[in-house]
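Coordinate-derived values only; no laboratory data. Predicted, not measured: the structure shown is a model, and the values here were computed from it. Cβ placement follows ideal geometry from the backbone for every residue including glycine, while neighbour counts extend to all protein chains displayed.
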Amino acid sequence: MAALSGLYKDGKGVEKDDEKSDYWMEQAAEHGYLPFLRILLNFEYARSYQKRPAEEIYKRASLWADKLAEYGEADDILRAGAFYYAGNDVFVKIFEPEGKDIPLDKKKALQLFTKAAELGNPNAQYMLGHMYDYGEGTSADYKKALFWFEKAAEQGDANAQHQIGYMYGTGKGTPVDYCKAMHWYTKAAEQGYANAQFAAGVMYENGVGIPVDKEKALDWFTKAAEQGMPEAQLAAGGMYEDGIGTPADKEKALDLYTKAAEQGMPEAQLRLSVMYEKGDGADCDMTKALEWCRKAAEQGDAQALSRMGKMYYFGRGVPVNKKEAAEWFQKAADKDEKYALYYLGLMYYYGDFFKENRSTAECYLRRAAANGVETVRSILLKKWG
């Protein structure tokens with residue numbers, strides 16, 4: 001049957017006929033011919049089904065997934081499980097245009113991942129751990145999740161190693177054990193897993209389970225940053241800016257902040273704004289300072305919202321505009337940002353843009369003082385006691 005499919009496909013000794021080729025391919029697959037079962041789940045072959053209704057396509061694909069799990073090896077069972085867990089590219093393409101959800105079956109995926117995991121497949125062991133961790137297809141069970149993550153980790157799976165590190169570090173499914181957390185983070189980090197490199201950096205930076213070592217922290221942050229991880233770029237940038245674990249290098253800090261900021265990280269965008277305003281690591285550029293601050297503020301960063309208020313209030317990079325300043329301050333104050341509270345209090349106290357209102361001023365200033373603005377205390381004592 002497999003040979004007949006090939007003959008009709010290539011037109012060798014018979015007239016080329018794709019329909020007959022497909023027919024004999026399916027016949028061979030239904031009898032457990034693994035190469036064709038694997039092909040029948042892939043995108044290229046499934047494209048020929050697109051003239052059929054989506055439900056029919058999925059039904060046929062489910063047949064091949066079940067056959068693959070029945071006749072296949074651990075990798076095949078894993079693949080069948082992955083089909084029921086998340087579908088694949090072709091079914092997303094087919095179902096989405098019709099506005100339908102792919103009819104996934106997480107319980108069946110769990111069964112298949114279990115079968116493959118018990119055969120020693122590390123990817124299935126990781127997926128099984130993931131499903132128990134998040135309660136997919138079953139109730140969440142952190143102890144079972146840890147068990148299967150450890151099985152995968154012992155075979156060198158970096159994802160699982162990182163996840164074990166996280167579980168030991170947070171006490172998820174096991175008592176907190178920072179030494180074990182660091183052990184597994186390091187295992188994954190040494191394989192180039194960026195999240196684990198960042199986690200190892202955090203642990204060295206803060207001395208969690210190990211002595212503080214700023215140089216090693218920077219080393220791990222840098223490795224993760226080089227892979228494009230914005231959190232690591234921000235962390236490494238901060239160390240270069242402040243000269244922690246390395247001589248200060250403002251230009252390098254600016255570069256790292258820029259990379260994180262361009263990925264949309266508001267904390268990095270705000271730091272870039274400050275550096276351009278001060279001329280740290282680059283010439284003073286108020287246009288860029290305002291641009292980056294606005295990007296962070298538009299994402300709701302409270303400090304950036306407050307900083308936008310200051311820029312309009314004092315005319316930094318823009319003409320003075322008290323109305324605009326008040327609007328930015330209010331957005332930041334709604335997030336309890338202390339300096340926004342302080343400036344709104346002063347504006348109400350002195351009747352600056354707002355109509356003078358000492359009661360409202362006192363409210364804002366007391367909130368600012370409660371959030372740590374020391375300069376407010378003397379005003380409060382003098383005016384209200």
Neighbour-count ranking for R79, R271 (other C-beta within 10 angstrom, fewest to most) reads R79, R271
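For the stretch 145-224, what is the charge dipole size about the Cα centre, in debye to the nearest 20, if Lys and Arg each add +1 at the Cβ and Asp and Glu each add -1 at the Cβ?
Details: 7 positive and 9 negative charges, 24 e Å.
It comes to approximately 120 debye.
Rounded to two decimals, what is the ratio between the C-alpha radius of gyration of the stretch 209-250 and 2.2 N^0.38 Å?
The value comes to 1.09.
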Say R0 is 30 Å: what FRET efficiency, to the nearest 0.05, do V176 and T138 get from their beta-carbon distance?
0.75
Most exposed to least, judged by fewest other Cβ atoms within 10 Å, K144, K335 sort to K335, K144
Estimated distance in nm for a label pair at I210 and E251, the labels positioned 7 Å out from Cα along Cα-to-Cβ
3.1 nm
So, in nm, how far is label K323 from label D101 when the simple model puts each one 7 Å beyond its Cα toward the Cβ?
4.7 nm
Would you calculate the separation in nanometres between label points at E70 and E262, each defined as 7 Å from the Cα along the Cα-to-beta-carbon direction?
5.3 nm
Please give the contour-minus-distance gain from L63 to T287: 0.36 nm per residue of separation, less the Cα-Cα distance, rounded to one decimal in nm.
74.6 nm
